[in-house]
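A.B. asks: To start, I am sharing the structure in question, which I have written as structure tokens.
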Amino acid sequence: MSNRAVKVDYLARVEGEGSLLVRMKDGSVSDVKFRIFEPPRFFEAFLRGRKYSEAPDITARICGICPIAYQMSSVHAMEYAFGVKVGGQLRELRRLLYCGEWIESHALHIYMLHAPDFLGYDDAIQLAVDHPDAVRRGLRLKKAGNDLVAVLAGREIHPINVRVGGFYKLPRRRDFDEILEKLKRARDEAYETVLWTATLPFPDFEYDYEFVALSHPDEYPFNEGKIVSNKGLTIDVREYELVFHERHVPYSNALQSTIKSPRPAEQQTSTTDGRGAYLTGPLARYNLNFEKLSPLAKKAAEEAKAKPPILNPFKSITVRAVEALYACDEAIRIIENYEPPAEAAVRYEVRPGFGFGCTEAPRGILYHRYLIGADGLIKDAKIVPPTAQNQRMIETDLRNFVTSNIQMSKQDLTLRCEQLVRNYDPCISCATHFLKLDISEETVT
Amino acid sequence: MPERRRTGKPKVAVFKFASCDGCQLSLLDAEEELLDVASAIDIAYFPEASRRMIRGPYDIGIVEGSITTPHDVERIRDIRKSSAALITIGACATAGGIQALRNWKDIKNYVHIVYASPEYVSTLDRSLPVGSFVHVDYELRGCPINKYQLIEVINAFLNKRKPNVYTHSVCVDCKLKGTTCVMVSRGEPCLGPVTQSGCGAICPSFNRGCYGCFGPMEFPNTAALAAQLKELGETKFDIQLAFRTFNAYADAFRKESEAHEQ
């Protein structure tokens with residue numbers, strides 16, 4: 001067995017088009033590639049010359065799975081540029097909207113994309129044959145999230161009610177009557193989901209990750225906070241590009257995010273300098289912000305024996321379930337305390353300058369930076385989606401897992417490698433406008 | 001018809017090109033209908049949902065996304081050959097999508113803005129709808145599509161009947177819903193008069209004008225609407241941008257936006 005390879009030409013159950021390749025030589029891993037062959041769409045380029053006010057609706061089209069994340073990062077960036085703060089009930093409604101996206105996206109991933117791996121099925125349709133109750137529970141949970149987004153913002157995919165400063169139209173209290181009942185049922189089902197995922201068979205695999213997530217003194221992070229890590233990083237969102245660096249790695253033909261040395265020189269030590277790959281997403285948020293979860297979410301985590309630290313990426317399925325439970329809980333809290341504010345959006349004046357926004361997409365931190373001209377047109381845009389940031393960590397996981405499981409059969413190893421990638425819930429469609437691609441190989445159909 | 005596997009059910013495949021995945025997600029978003037749909041058809045190829053990838057030929061090929069690379073041109077031709085019926089879904093597949101904004105620009109410049117090493121990027125000058133390359137049996141509009149319309153279209157093809165999808169304007173839906181016209185009552189610019197129905201006229205019911213995500217209706221009078229937008233104080237540039245979004249390269253919208261170029 002001198003030369004072997006694990007090769008998946010078209011990764012299934014991820015959003016977008018990617019492939020993976022792990023080469024082994026003489027009992028060790030010689031090459032790892034997580035490739036993207038999705039065609040580029042050039043969002044940063046065609047945003048130039050568009051109105052600042054169009055950014056939420058245009059950037060939503062980067063991703064049909066997490067459009068709200070794009071809308072939230074873009075409006076926060078614009079508000080930063082214009083020096084306005086959206087607070088009170090409008091801020092709460094934005095959290096509420098994000099709850100809907102987290103519930104929907106996490107339920108999709110847990111039941112339809114991730115669980116089939118643990119139980120040995122090709123997809124959720126097959127899973128439903130033997131586990132109909134679980135899959136139906138997942139679909140109901142997902143629907144509760146989608147319905148919440150539709151009530152608040154018109155439709156679940158590319159919702160239409162988000163604008164710079166707030167919303168186009170405010171919901172009335174009674175608009176939430178029906179969804180509140182659904183969310184209470186969803187909360188019970190999310191609790192069951194936490195316990196159910198904890199019964200899945202987890203491969204034995206851990207890594208000392210650098211977790212990167214937002215952190216806020218008063219709440220589990222959605223829209224605001226500092227960017228922090230478990231290895232000493234604490235920065236404002238506007239400092240993102242000073243610390244995170246996108247570099248061209250020739251062997252993968254991809255721009256990958258890494259952490260540069262942290263900003264203040266006095267903080268640079270051997271453990272916090274030149275760190276490279278990092279992980280963003282549910283596992284990072286959870287390990288860094290567990291104390292901010294609701295009592296019910298913490299209780300479920302305890303019952304599932306899934307309190308942090310969790311260093312096994314396969315267990316991200318349970319972490320997503322705890323986050324979905326938290327999102328149900330948080331949504332119910334916001335709705336029960338909702339008093340419609342006087343205006344649907346705060347007033348602001350357009351002013352030229354840079355705007356920075358970073359929010360917690362279901363898959364991790366999503367960074368937007370814009371330069372706005374005096375005419376209100378976008379002069380420059382930079383968008384860094386979570387999957388672009390996780391790409392290097394995904395390759396590191398593949399290398400480490402294969403290295404310690406090199407004796408595994410090719411079929412099992414292939415399945416495990418796919419599952420390792422799916423642990424990140426990668427959204428390749430998001431990442432693509434940003435990543436390099438190599439279309440010449442790993443072709444499809 | 002393609003040979004049916006042991007299930008005897010029609011084989012359906014879902015393919016992706018340049019897109020956000022939202023339209024194919026609509027199928028998974030039909031939470032209450034999904035398991036019923038899946039029991040009536042054999043989902044033979046749908047990588048976003050399943051590892052199982054059964055080779056063609058297929059009874060129905062559903063295509064999301066626009067054609068943007070030389071490789072994609074070859075791929076869509078192969079897909080056409082292996083699909084008895086070909087249905088395109090969403091603004092990308094039916095009109096080139098938001099990424100068709102490149103069609104008015106120098107693509108080399110675009111590649112430079114996004115990518116540090118442009119020599120690696122293989123791309124066509126334009127983002128075009130699937131129908132520019134192969135015959136399409138049905139085009140379902142929307143950015144995103146309406147999931148109930150998708151189920152209706154699949155159902156219609158399986159039963160060899162015409163899909164029941166309206167082609168009238170969003171205005172008709174506003175009247176049916178009893179939504180007060182945002183353009184008449186508040187002077188809000190709105191593409192509703194020229195945009196095809198299907199979304200449920202949601203934007204006007206949320207106090208904003210329609211932004212045309214379902215593309216042009218049948219026989220739209222875009223020039224008359226543009227004149228009205230001008231009356232409301234919109235500049236040539238505003239009007240150009242209004243028609244140049246998610247369905248920018250749909251014929252009627254393309255021509256109207258070009259009429260307002262400065």
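No value in this document is a laboratory result; all are computed from the given coordinates. All values derive from a computational prediction rather than experimental measurement. With ideal geometry, Cβ positions are generated from the backbone for all residues, glycine too; neighbour counts draw on all protein chains shown.
A.B. asks: Counting alpha carbon pairs within less than 8 Å and at least 6 residues apart, what relative contact order, in whole percent, applies to the stretch A:1-148?
C.D. replies: Details: 166 pairs, mean separation 22.1, N = 148.
Normalised by residue count, the contact order of the stretch A:1-148 is 15 percent.
A.B. asks: Could you work out the relative contact order of the stretch A:76-233, using alpha carbon pairs under 8 angstrom and six or more residues apart, expressed as a whole percent? Show your work: numbers first, answer last.
C.D. replies: On the way: 145 pairs, mean separation 32.2, N = 158.
Across the stretch A:76-233, relative contact order equals 20 percent.
A.B. asks: A follow-up question, please. Explain nothing, just the number: dipole magnitude of the protein assembly as shown about its Cα centre with +1 on each Lys and Arg Cβ and -1 on each Asp and Glu Cβ, in debye rounded to the nearest 20.
C.D. replies: Numbers: 90 positive and 91 negative charges, 113 e Å.
The calculation lands at about 540 debye.
A.B. asks: Right, here's the next one. Could you work out how far helix B:147-158 tilts from the main Cα principal axis of chain B, as a 0 to 90 degree angle to the nearest 10?
C.D. replies: Relative to chain B, helix B:147-158 is tipped by roughly 50 degrees.
A.B. asks: Step through the table entries A:226/A:292; A:169/A:379; A:184/A:299; A:142/B:147, compare each Cα-Cα distance with 19 Å, and write down the pairs that go over it.
C.D. replies: Values: A:226/A:292 14 Å; A:169/A:379 29 Å; A:184/A:299 17 Å; A:142/B:147 15 Å.
In this structure, A:169/A:379 lie more than 19 Å apart at Cα.
A.B. asks: If you average 1/r over every pair of different alpha-carbon atoms in the stretch B:11-158 and take one over that average, what Kirkwood value in Å do you get? Show your work: numbers first, answer last.
C.D. replies: On the way: mean 1/r = 0.0631 Å⁻¹.
Value: 15.8 Å, from the Cα pair sum.
A.B. asks: Which one, B:150, B:140, B:158, has the greatest fluctuation when you compute a Gaussian network model over chain B with C-alpha springs under 10 angstrom?
C.D. replies: B:158
A.B. asks: Taking +1 at the Cβ of each Lys and Arg and -1 at the Cβ of each Asp and Glu, which of A:321, A:296, A:346 sits farthest along the dipole of the stretch A:277-356 towards its positive end, judged by Cα position relative to the Cα centre?
C.D. replies: Final value for the positive-end residue is A:321.
A.B. asks: Looking at the stretch A:3-432 only, what percent of DSSP beta bridges run antiparallel? Nearest 5 please. Walk me through the intermediate numbers first.
C.D. replies: On the way: 46 of 49 bridges.
If I count the DSSP bridges inside the stretch A:3-432, around 95 percent turn out antiparallel.
A.B. asks: For the protein assembly as shown, what is the mean residue ellipticity at 222 nm derived from helices alone (per DSSP H run of n ≥ 4: -39500 (n - 2.57); sum divided by total residues; nearest 500 deg cm²/dmol)?
C.D. replies: -12000 deg cm²/dmol
A.B. asks: Need one number: % antiparallel among DSSP beta bridges in the stretch B:11-158, to the nearest 5. Could the numbers behind the result be given before it?
C.D. replies: Details: 3 of 20 bridges.
In the stretch B:11-158, DSSP labels about 15 percent of beta bridges as antiparallel.
A.B. asks: Over chain B, what is the percentage of antiparallel beta bridges among all DSSP beta bridges, to the nearest 5?
C.D. replies: Details: 5 of 22 bridges.
Around 25 percent antiparallel, to the nearest 5.
A.B. asks: Something else about it: Under 20 Å between alpha carbons, and skipping anything fewer than 8 positions from residue A:231 in its own chain: which aspartates and glutamates qualify?
C.D. replies: Cα-Cα hits under 20 Å: A:206, A:208, A:210, A:239, A:241, A:246, A:266, A:273, A:291, A:360, A:397.
A.B. asks: Between the DSSP loop rule and a limit of at most 11 other Cβ atoms within 10 Å, which GluC sites (Glu not before Pro) in the stretch A:335-426 are left? Mind showing how you got there, number by number?
C.D. replies: Numbers: sites: A:336, A:343, A:349, A:360, A:395, A:418; in loops: A:343, A:349.
The qualifying sites are A:349.
A.B. asks: Give me the percent relative contact order of the stretch A:3-432, please, defined on Cα pairs under 8 angstrom at least 6 residues apart. Let's see the in-between values first.
C.D. replies: Values: 848 pairs, mean separation 108.4, N = 430.
Across the stretch A:3-432, relative contact order equals 25 percent.
A.B. asks: For the stretch A:329-426, which trypsin sites (Lys or Arg not before Pro) are in a loop by DSSP, counting at most 15 other Cβ atoms within 10 Å? Working shown, then result.
C.D. replies: Values: sites: A:333, A:347, A:363, A:369, A:379, A:382, A:392, A:399, A:410, A:416, A:422; in loops: A:347, A:363.
Qualifying residues, ordered by number: A:347.
A.B. asks: How large is the dipole of the stretch B:11-158 about the Cα centre if only Lys and Arg carry +1 and Asp and Glu carry -1, each at its Cβ, rounded to the nearest 20 debye? Kindly include the intermediate steps, with their values, before the conclusion.
C.D. replies: On the way: 15 positive and 19 negative charges, 115 e Å.
Taking the Cα centre of the stretch B:11-158 as origin, the dipole is about 560 debye.
A.B. asks: Further, regarding this structure: For the residues B:36, A:218, A:31, what sequence is obtained by ranking on other C-beta atoms within 10 Å, fewest first?
C.D. replies: Values: B:36 10, A:218 7, A:31 14.
Fewest-to-most Cβ neighbours within 10 Å comes out as A:218, B:36, A:31.
A.B. asks: Exposed loop sites here are trypsin sites (Lys or Arg not before Pro) in DSSP loop states with at most 10 other C-beta atoms within 10 Å. What is the longest stretch of chain B lacking them? Could you put the intermediate results ahead of the total?
C.D. replies: Values: sites that count: B:6, B:160, B:161.
Looking at chain B, B:7-159 is the longest stretch - no exposed trypsin sites (Lys or Arg not before Pro) with at most 10 other Cβ atoms within 10 Å.
A.B. asks: A further question on this structure: Can you grab the distance from the C-alpha centre of the stretch A:87-111 to the C-alpha centre of the stretch A:363-408, Å, no decimals?
C.D. replies: Going from one Cα centre to the other spans 21 Å.
A.B. asks: Can you list which of the chymotrypsin sites (Phe, Trp or Tyr not before Pro) found in the stretch B:189-261 are DSSP loop residues with at most 10 other C-beta atoms within 10 Å? Kindly include the intermediate steps, with their values, before the conclusion.
C.D. replies: On the way: sites: B:206, B:211, B:214, B:237, B:243, B:246, B:249, B:253; in loops: B:206, B:211, B:214, B:246, B:249.
Listed in order of number, the matching sites amount to none.
A.B. asks: So, in Å, what gap is there between the alpha-carbon centers of the stretch A:1-73 and the stretch A:133-151?
C.D. replies: Measuring centre to centre over Cα atoms gives 26 Å.
A.B. asks: Using each residue's phi in the stretch A:287-299, evaluate 6.51 cos²θ - 1.76 cosθ + 1.60 at θ = phi - 60° and report the 3J(HN,Hα) Karplus result to the nearest Hz, with x for Gly and Pro.
C.D. replies: 5, 8, 10, 3, 4, 8, 5, 6, x, 5, 5, 5, 4
A.B. asks: If you average the alpha carbon positions of the stretch B:194-261 and of the stretch B:83-106, how far apart do those two centres end up, in angstrom?
C.D. replies: 18 Å
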